[in-house]
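Quick notes on the structure that follows.
The values are calculated or read from the model by the stated rules, or taken from the named source; none is laboratory data. For clarity, every value in this text was computed on a predicted model and none was experimentally measured. Ideal geometry is used to build each Cβ from the backbone, glycine not excepted, and the neighbour counts take in all protein chains shown. For the accessible areas, the whole protein counts, side chains as well, though only heavy atoms, and no ligand, DNA or RNA atoms are used. Shrake-Rupley method; radii C 1.70, N 1.55, O 1.52, S 1.80 Å.
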Amino acid sequence: MNLTEHPENSAQYASLNVNRGIAQPPAVNPYPTERKKRRDYTPAEYTEEIRKGNITVLSQAVTLLESQKPEHQAIAQEVIEKCLPFSGNSVRTGITGVPGAGKSTSIDAFGTHLIHQRNRKLAVLAIDPSSERSKGSILGDKTRMEELSRDAKAFIRPSPAAGSLGGVARKTRETIILCEAAGFDTIFVETVGVGQSETAVHSMVDFFLLIQLAGTGDELQGIKRGIMEMADGIIVNKADGNNIEKAQLAAAQYRNALHLFPLPPSGWTPKVLTYSGYYQMGISEIWDMVDEYIAFTRENGYFERRRNSQAKYWMYESINEQLKNHFYRSPVIEKKLPDKEAQVLRSEISSFAAAKQLLDSYFNF
Ligand code: GDP
């Protein structure tokens with residue numbers, strides 16, 4: 001025994017024992033399993049997986065179409081094109097209401113009802129005009145829809161965050177196509193009851209549902225008349241506890257107000273119902289109403305007409321958006337725009353002259 005090397009191995013330290021060490025293992029695992037990368041599917045493979053109902057691939061395709069990168073956009077557009085023949089086979093419902101009206105609670109309850117009582121597959125999408133500024137979307141957020149987020153038959157996707165309202169809306173509309181190709185037969189598009197987003201949602205759904213509350217004064221003052229005119233159904237939420245009577249009164253007032261509007265082009269008189277999203281009362285009646293509306297408009301041809309005019313609208317919207325993007329992103333405009341804007345602000349040049357000069361530089365570039 002070499003005592004100079006390990007003096008503690010001498011007899012006087014009998015209780016100590018130094019074993020021979022083992023060779024230091026390499027810090028790097030020599031047998032790495034190949035790291036799972038997100039596969040780069042071809043557009044045909046994306047479509048095939050989406051058609052099989054592969055939710056992971058569906059999510060990836062939606063991420064691609066939300067991406068700003070032209071190469072992602074190009075793949076996404078091809079996937080959309082390929083999915084288009086398999087789309088259209090769903091009932092698309094727009095759901096709006098001011099913050100606090102109970103949208104997330106209601107969507108959770110509606111979705112659970114539709115999936116478990118009516119055997120539907122549900123995709124919840126959203127258009128959130130505020131997400132551009134806040135850089136994060138609350139609407140369509142999974143954490144707000146506890147029941148649904150655990151349900152395998154539900155696909156929840158928050159609002160695309162980047163871009164103009166037109167751009168955000170286009171992405172949501174394209175997501176509808178992908179979801180339908182993946183077999184979702186019920187689509188919700190949620191939005192907040194402020195600003196222009198209702199018009200965008202209205203232009204992509206078959207049924208527009210407005211969630212209202214009793215006692216907000218809207219029903220008396222006729223506020224949000226524009227939104228009320230778009231609604232195919234108005235539902236007064238929180239009709240529970242000692243709020244039931246107030247909710248019923250509000251519903252009666254909405255019904256009266258609706259009588260003053262001309263009959264909408266669908267030929268359908270919008271219905272007003274009361275319910276409680278939280279206590280799940282009156283939910284079935286709401287979906288009976290939507291089913292009744294769909295049957296009614298399919299019968300009188302309005303369903304088809306509305307879908308066609310929406311398709312036309314989106315063609316023009318898409319042209320407008322892309323022309324605008326092309327203009328603002330062209331190098332000559334990016335260079336000249338700040339100066340022109342400053343000149344307008346200093347009243348050195350009129351807005352119209354500035355616009356004309358910029359457009360001339362763009363077209364002559
Ligand atoms: P959102 O902002 O429109 O999504 O509204 P939420 O779903 O987050 O609901 C706002 C608040 O209203 C929450 O505190 C809910 O618990 C409550 N709430 C929602 N639905 C009902 C309902 O049917 N009855 C009652 N009493 N409260 C509700």
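What to note about this one:
- Residue that is open to solvent by 80 Å² or more (accessible area, probe 1.4 Å) and touching a Leu at 6+ places or on another chain (Cβ under 8 Å), where the choices are 285, 292, 245: 285
- Taking each residue of region 95-124 that is more than 19 Å from residue 175 (Cα to Cα) and in the same structural domain as residue 282 (by TED's automatic domain parsing) and looking for partners that are among the polar types (S, T, N, Q) and away from the ligand (no atom under 12 Å from the Cβ) with beta-carbon atoms closer than 6 Å, six or more apart or interchain, yields 114/186.
- Residue list for region 314-341, filter: surrounded by fewer than 13 Cβ atoms within 10 Å (Cβ to Cβ) and closer than 20 Å to residue 203 by Cα: 315, 316, 319, 320, 322
- Test: residue 23 is in contact with a Ser or Thr (Cβ under 9 Å, 6 or more places away or on another chain), modelled with pLDDT under 95 and open to solvent by less than 100 Å² (accessible area, probe 1.4 Å): no
- Residue match in region 256-274 (condition: modelled with pLDDT of 95 or more, within 14 Å of the ligand (Cβ to nearest atom) and assigned by TED's automatic domain parsing to the domain that holds residue 113): yes
- Any chance residue 299 is over 25 Å from residue 87 (Cβ atoms) and open to solvent by 90 Å² or more (accessible area, probe 1.4 Å): no
- The residue pairs whose first member lies in region 254-280 and is on the phi > 0 side of the Ramachandran plot, whose second member is within 16 Å of the ligand (Cβ to nearest atom), and whose beta carbons are closer than 6 Å, counting only pairs six or more residues apart or on different chains, are 280/109.
- Within region 57-71, being open to solvent by less than 90 Å² (accessible area, probe 1.4 Å) and polar (S, T, N, Q) holds for 59, 60, 63, 67.
- Within region 144-172, the residues that satisfy the criterion of being more than 16 Å from residue 122 (Cβ to Cβ) and in contact with a Ser or Thr (Cβ under 8 Å, 6 or more places away or on another chain) are 159, 160, 161, 165, 168, 169, 170.
- Helices (runs of 4 or more DSSP H) enclosed by region 224-303 - at least 3 residues per element that are over 29 Å from residue 120 (Cα atoms): 244-259
- Unmet criterion (only one of (1) in the same structural domain as residue 187 (by TED's automatic domain parsing); (2) part of a helix (DSSP H, G or I); (3) among the β-branched types (Val, Ile, Thr)) for residue 319: (1)
- Selection within region 265-281: residues that are among the small types (Gly, Ala, Ser) and over 13 Å from residue 239 (Cα atoms). The member of this set that is most open to solvent (accessible area, probe 1.4 Å) is 267.
- Qualifying residue in region 89-103 (condition: away from the ligand (no atom under 16 Å from the Cβ) and surrounded by fewer than 15 Cβ atoms within 10 Å (Cβ to Cβ)): yes
- Qualifying residue in region 236-243 (condition: without any contact (Cβ under 8 Å) to a residue 60 or more places away in the chain, under 24 Å from the mean Cα position of the chain (by Cα) and at negative phi): yes
- With respect to the conditions (1) among the small types (Gly, Ala, Ser); (2) within 16 Å of the ligand (Cβ to nearest atom); (3) open to solvent by 40 Å² or more (accessible area, probe 1.4 Å), residue 44 falls short on a single one, namely (2).
One line per residue, one yes/no per condition, for (1) surrounded by fewer than 24 Cβ atoms within 10 Å (Cβ to Cβ); (2) at pLDDT 80 or above:
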{"residue": "137", "(1), (2)": "yes, no"}
{"residue": "149", "(1), (2)": "yes, yes"}
{"residue": "159", "(1), (2)": "no, yes"}
{"residue": "181", "(1), (2)": "no, yes"}
{"residue": "185", "(1), (2)": "yes, yes"}
{"residue": "210", "(1), (2)": "no, yes"}
{"residue": "213", "(1), (2)": "yes, yes"}
{"residue": "227", "(1), (2)": "yes, yes"}
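- Residues in region 147-205 that are over 26 Å from residue 74 (Cα atoms), more than 16 Å from the ligand (Cβ to nearest atom) and not aliphatic (A, V, I, L, M): 150, 151, 153, 185, 186, 196, 199, 202.
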